[in-house]
Amino acid sequence: MTASPILTVRGAVHAYGDRTVLQGVDLTLSPGEIYALLGPNGAGKTTLIKTICGRFRPDGGEVRLNGRDPFRENAARSSLGLAPQEIALYAHLTVAENLETFASLARMPRRAIPAAVQRALELTRTVDRAHVPIRHLSGGYQRRANIAAAIVHEPALLILDEPTVGVDIDAREALDTVIRGLRDIGVAVLLTTHDLDQARALADRVGFLREGRLVLEGEPQALITEAFGARMEVLVELLGEPDAACEAVLLAEGLAKAARRANLWVRLDLDGYASAGRLDKRLRKAGLIPREIRVREPSLHNLFSLVSDRKQAA
Ligand SMILES: Nc1ncnc2c1ncn2[C@@H]1O[C@H](COP(=O)(O)OP(=O)(O)O)[C@@H](O)[C@H]1O
Ligand SMILES: [Mg+2]
């Protein structure tokens, strides 16, 4: 990467009262890059975003947007657009009216506003809903209108806090296309998400934030390969919930319960396909009938579990 970074965060610290929730975060973003910030609830993602937006004076470290301090210099914030987690639009106004309002608030010259609004509508694929009030839009369109409002003043950095909340599966594809389109015209995108599949599909780099520290950062595929090498994920889906005796068998096989679902068990294995075949035989012998056994490449989900479980050692 040769372009100079649009965003530099060095050693950012933030405390709410006596609780320190950012413990020295470093982050750099370049134009045309998508960075996904991952981490459990309460990790400090939104606090980091607020710090980047100049909402607080950092208790330590520094933030630079295009070389300028967003807390001290209002003008530094014009290179930044934020689409917050909660839809921040006027519900009774149409998409176009919202964009006009946001453009005025960003102090765009009046003459430039119509073209800026049209551009934001096109980039977010909301042209066909331009004259519909926000409250009548689907979750997916509201999300994209929220992004349109964040980019109407043509910022170099776009920040999206949990953009998939309230967006159904079908509409996510459209959202991802919009985010990629912005990246392709050189906008740097920083997003937080719970949706690890979205992060995998979109992000050039991901960072895992845990208890206010960035504990892992890099290109998704490189991180996965580094963590798991040639191992494959073996997933066993059972017909029903296993009883205690069956659970003991599964645990003895080195399987762990996948989050949320009692009938889905997982392990990582070298030699994945062959080992899945042997596993199937042994489970059947023990009276456990798998409904399905899948073998696949490890994902950010596996990496996320690894990072979340890891004791705060390093
Ligand atoms: N305004 C606030 N006052 C006090 N504590 C807060 C405030 N906002 C967030 N926190 C706490 O700071 C921690 C990080 O929160 P947040 O940055 O919202 O995390 P995330 O976005 O990763 O879920 C959490 O423990 C949260 O409860
Ligand atoms: Mg948050």
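The values are calculated or read from the model by the stated rules, or taken from the named source; none is laboratory data. These numbers come from a predicted model, not from an experiment. Please note: Cβ atoms are built from the backbone with ideal geometry, for glycine as well, and neighbour counts cover all protein chains shown. Keep in mind that these areas ignore ligands, DNA and RNA; they rest on the heavy atoms of the full protein, side chains included. Shrake-Rupley method; radii C 1.70, N 1.55, O 1.52, S 1.80 Å.
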Taking segment 139-183 and keeping only residues that are within 16 Å of ligand 1 (Cβ to nearest atom), in a loop (DSSP other than H, G, I, E, B) and at negative phi, one is left with P163, T164, V165
V13 vs (1) among the aliphatic types (A, V, I, L, M); (2) buried (at least 17 other Cβ atoms within 10 Å of the Cβ); (3) more than 16 Å from ligand 2 (Cβ to nearest atom); (4) farther than 15 Å from L158 by Cα: all pass except (2)
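If you scan segment 21-44, which residues turn out to be outside any strand (DSSP E or B) and either among the aromatic types (F, W, Y) or over 24 Å from S308 (Cβ atoms) (or both)? Even if it seems obvious, please write down each step before you answer.
Of the residues in segment 21-44, the ones outside any strand (DSSP E or B) are 30-33, 39-44.
S30, P31, G32, E33 - these are the residues of segment 21-44 that are outside any strand (DSSP E or B) and either among the aromatic types (F, W, Y) or over 24 Å from S308 (Cβ atoms) (or both).
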Restricting attention to segment 260-314, which residues are free of Cβ contacts under 8 Å to residues at least 60 places away in the same chain and within 27 Å of the chain's Cα centre (by Cα)? R260, R261, A262, L264, W265, V266, R267, L268, S305, D309, K311, A313
Tell me whether segment 45-56 contains one or more residues that are on the phi > 0 side of the Ramachandran plot, away from ligand 2 (no atom under 13 Å from the Cβ) and part of a strand (DSSP E or B). no
Among the residues of segment 121-144, is any under 26 Å from T192 (Cβ atoms), in contact with a His (Cβ under 9 Å, 6 or more places away or on another chain), charged (D, E, K, R) and in the same structural domain as G67 (by TED's automatic domain parsing)? yes
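Only one residue in L123, L82 is buried (at least 19 other Cβ atoms within 10 Å of the Cβ), within 16 Å of ligand 2 (Cβ to nearest atom) and not small (G, A, S), so which one is that?
Working: L123 fails: within 16 Å of ligand 2 (Cβ to nearest atom).
Answer to the check: L82.
Mind checking which residues of segment 43-59 are among the charged types (D, E, K, R) and either within 9 Å of ligand 1 (Cβ to nearest atom) or not assigned by TED's automatic domain parsing to the domain that holds T192 (or both)? Walk me through it before giving the result.
As a first pass, look at segment 43-59 and keep what is among the charged types (D, E, K, R): 45, 50, 55, 57, 59.
Scanning segment 43-59 gives K45, K50.
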Does V189 qualify as being crowded, with 23+ Cβ neighbours inside 10 Å and farther than 20 Å from A120 by Cα? no
For segment 15-24 the number of residues that are over 11 Å from E211 (Cβ atoms) and touching a residue at least 60 places away in the same chain (Cβ under 8 Å) is 1
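To keep it simple, each residue is scored yes or no on (1) over 20 Å from the mean Cα position of the chain (by Cα); (2) under 25 Å from T8 (Cα atoms).
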{"residue": "V132", "(1), (2)": "yes, no"}
{"residue": "Q142", "(1), (2)": "no, no"}
{"residue": "H153", "(1), (2)": "yes, yes"}
{"residue": "G181", "(1), (2)": "no, yes"}
{"residue": "D184", "(1), (2)": "no, yes"}
{"residue": "A188", "(1), (2)": "no, yes"}
{"residue": "A199", "(1), (2)": "no, yes"}
{"residue": "R231", "(1), (2)": "yes, no"}
{"residue": "L238", "(1), (2)": "yes, no"}
List the residue pairs whose Cβ atoms are under 7 Å apart, where the first residue sits in segment 149-167 and is within 12 Å of L191 (Cβ to Cβ) and touching a residue at least 12 places away in the same chain (Cβ under 8 Å), the second is of a type in the set (S, T, Y) and away from ligand 2 (no atom under 16 Å from the Cβ), and the two are 6 or more positions apart or on different chains. L157/S79
What's the total number of residues in segment 57-68 that are surrounded by 19 or more Cβ atoms within 10 Å (Cβ to Cβ) and part of a strand (DSSP E or B)? 2
Of the residues in segment 206-232, how many are among the small types (G, A, S), within 16 Å of ligand 2 (Cβ to nearest atom) and not in a strand (DSSP E or B)? 1
When segment 245-278 is checked residue by residue, the ones that are aliphatic (A, V, I, L, M) and surrounded by 16 or more Cβ atoms within 10 Å (Cβ to Cβ) are V249, L250, L255, A258, L264, V266, L268, A276
Kindly list the number of the only condition in (1) under 18 Å from L182 (Cβ atoms); (2) at pLDDT 95 or above; (3) open to solvent by 50 Å² or more (accessible area, probe 1.4 Å) that fails for R111. (1)
Taking segment 16-42 and keeping only residues that are near ligand 1 (Cβ under 9 Å from one of its atoms) and either at pLDDT below 95 or surrounded by fewer than 16 Cβ atoms within 10 Å (Cβ to Cβ) (or both), one is left with Y16, G17, R19, G39, P40, N41, G42
Checked segment 238-285 for anything more than 23 Å from S308 (Cβ to Cβ) and either assigned to a strand (DSSP E or B) or of a type in the set (V, I, T) (or both); matches are L238, V249
With (1) out of contact with any Asp or Glu (no Cβ under 7 Å at 6 or more places or on another chain); (2) away from ligand 2 (no atom under 16 Å from the Cβ); (3) within 16 Å of I6 (Cα to Cα) as the list, and I34 as the residue in question, which single condition is left unmet? (1)
